[in-house]
Structure formats: structure tokens, C-alpha cells
Amino acid sequence: MKKKQNNNSISSALHNLYHKALKHTKYRWVVILGTLVYLVSPLDISPDVFPIIGWIDDGLIASLLIAEVSQIVTEELKRKSRFKRTDNTAQTTQVETVINTEDIKTINVEAVAVS
């Protein structure tokens, strides 16, 4: 039972390390490029020469890369969307404050009800 917890903690520690490395903008492209080189390279944890076992580790690494990159792209799109909404609100407010109501002429209309 302890071995299973140890394996889970190792895999979660590696996942957290990978996640933090991708979040750091300075190293993001290095990590992505390194992951792609690992996927293409014949030298890895379990070589692709072994039919199923060799493909599993590549599939796990590829799915981890895709999941993390898609999360980063989603967060970036949300951030840009929020920025645009804030920017548009500021422009609208600015336009509303520019209008001077003192120069506007008012017209009084008397209405009569007809029955």
C-alpha cells in the first residue's frame, strides 16, 4: 500500500514540476521544445521498440503537454477578454463624461388628452 502512495506522490511531484515550469514564461518554450524532442527521440524512459509500453509513456507525456498548453491558452484568452472589456468600459465612460448638457436646448411640449 505504501508503494502505491509513493508512486502517486512521485508522479504528482513530477506533474507539479512540469506545471510550474510551463507557467513560468521564461522557461515555457524550452519546456515545450524539450517535451517535443523527448517525444521524437528514440531515447526515453521506455523506448518505442517495445510495442505497447513504449507508446504509453509517449502518450502520457503528449497528453500532459496538450492539457497544460491548452490551459495556458485558455487562461490567456480569458485575460485578454477581461482586459478588452475593461478597456471598452473605460472608453464608454470617457465618452459619457465628455457630453456637456448645458448646451442642449430643451423643447417643452404641452399635451392634451382627447377622449
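Quick one: net charge of G59's neighbours, Cβ under 14 Å, K/R +1, D/E -1? Provide the component values of the computation, followed by the final result.
Values: positive: none; negative: D44, D48, D57, D58.
Cβ neighbours under 14 Å give a net charge of -4.
Between A67 and L43, how high is the FRET efficiency from 1/(1 + (r/R0)^6) when r is the Cβ-Cβ distance and R₀ = 41 Å? Nearest 0.05.
Details: r = 24 Å, r/R0 = 0.59.
Result of the calculation: an efficiency of 0.95.
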Solvent-accessible ranking of V40, V73, V31, largest area first, probe 1.4 Å: V40, V73, V31
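The values are calculated or read from the model by the stated rules, or taken from the named source; none is laboratory data. Everything numeric in this text was worked out from a predicted model, so none of it was measured. Quick reminder, even Gly has a Cβ in these numbers, built from the backbone with ideal geometry, and neighbours come from all protein chains shown. For accessibility, only protein heavy atoms count, side chains too; no ligands or nucleic acids. Shrake-Rupley method; radii C 1.70, N 1.55, O 1.52, S 1.80 Å.
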